[in-house]
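Data block below; observations after.
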Amino acid sequence: MTVDDISSGADEEPPFSPYRTPHHEVDHTAEPTNDPLAIRLEQLILGADRRYTPFQAARTAGVSMELASRFWRAMGFPDIGQAKALTEADVLALRRLAGLVEAGLLSEPMAVQVARSTGQTTARLAEWQIDSFLAGLTEPPEPGMTRTEVTYPLVELLLPELEEFLRYVWRRQLAAATGRVVQAADDEEMVDRRLAVGFADLVGFTRLTRRLEEEELGELVEAFETTCADLVAAHGGRLIKTLGDEVLYAADDAGTAAEIALRLIETMSNDDTMPELRVGIAFGTVTTRMGDVFGTTVNLASRLTSIAPKDTVLVDGALAEELGRHGDAPVSESEAAAETERAEKSGEEPPAYRFALQPMWQRPVRGLGVVEPWLLTRRTT
């Protein structure tokens, strides 16, 4: 459908909801709230009043109904039928995305991916800020004051500061990600890259969920995720995602991933409030999509975590080989001992290794065949 097609029926609403799921006969839509405070807050945050139905917004933006529907859903918003609930901000967002497609800067599927990835990321951020941040701050400071009376002025004060901070962090992250991409050896490596991938998993978490109160469990998970995020970032890795009792991280080189894993074990084992931890790391080709990682390497790291004893780190043969190739760990202990002996006889400094590797038992791993894990530890001598 073109802009002209829409304009020809400018005064008529279409006989169907533009945001209805294509293969369903029933129009399951979400009615926009009519709560006065919610509307005032929406106007404050969006900076505009409700003016358009979805049909009118698409027409004003010069976007087909079909594309508008795809963008809207990709951003994570519910179907709203033909309620007059959209603003100038919605029109501008549609116009910008469509403009990127028209200019040839993005394909239509890529524009939808941009909408989806942005929507998913910011939805989680917004939920966290409301649940963990604003909910606490909006406790009435004085007797007799309602939460309603506190919320609006608080949001009014916080909004510009949080918005600027979000822009700063996003630009910083974009700069870092762009730097990694331009350093890739070729175009294929930009999508399918060789990375070290690690899973860190709390041992006995299921038993804890039965024993702890909900608030205690939430505090434990938050402490675990915060500690992991800080350690991964501080030592040069990237936190991919958290799954409650498990975190997934990646690093460009094996040494960084190994250091992070051992730091996690050491930190958690010194905290009496935390359960034991186990970590599995694999090295190899990884497919990256929308900030996540996929592929056999990721699956192998997950399997290694599941078979690791508590408070240990298991790595695959590829990561062990990388550590040896870069001088982070000896290829074999016998060779390391011989090198040390030769260096001492000649009065030279013996080679210094950060890590030690011990081959473990071979065992079949579902879907991956026979795997020989290596136990990773710090080298003390």
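The values are calculated or read from the model by the stated rules, or taken from the named source; none is laboratory data. Just so you know, these numbers come straight off a predicted model, no measurement behind them. Here the Cβ is made from the backbone with ideal geometry for all residues, glycine too, and neighbour counts use every protein chain on show. The protein model used for the area step is the full one, side chains on, heavy atoms only, and it has no ligands, DNA or RNA in it. Shrake-Rupley method; radii C 1.70, N 1.55, O 1.52, S 1.80 Å.
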| task | Write down the radius of gyration of region 296-374 and its Dmax, each obtained from C-alpha positions, in Å. | result | 15.4, 51
| said: Give the residue list of GluC sites (Glu not before Pro) in region 235-311 that are DSSP loop and have at most 15 other beta-carbon atoms within 10 angstrom. | reply: E276
| field | Relative packing of peptides 118-124, 91-97 - highest average C-beta neighbours within 10 Å first | value | 91-97, 118-124
| request: With a 10 Å radius around each residue's Cβ, average the other Cβ atoms per peptide and rank 80-90, 153-163, highest first. | output: 80-90, 153-163
| said: I'd like the accessible area for E335, computed on protein heavy atoms only with a 1.4 Å probe and all protein chains in place. Round to 10 Å², please. | reply: 100 Å²
| task | Considering Cα pairs under 8 angstrom that are at least six residues apart, work out the relative contact order of region 238-381 and quote it in whole percent. | result | 19 percent
| message | With a cut-off of 8 Å between alpha carbons and a minimum separation of six or more residues, what is the relative contact order of region 40-128 in percent? | response | 35 percent
| Karplus-derived HN-Hα couplings along region 254-264 (A = 6.51, B = -1.76, C = 1.60, θ = phi - 60°), whole Hz, x at Gly and Pro | 5, x, 5, 4, 5, 4, 4, 4, 5, 4, 4
| query | Which semi-axis lengths, in whole Å and largest first, follow from the square roots of five times the eigenvalues of the Cα gyration tensor of region 232-381? | reply | 28, 18, 16
| remark: Taking 209-219, 357-367 and ranking on average Cβ neighbours within 10 Å, highest first, one gets 357-367, 209-219
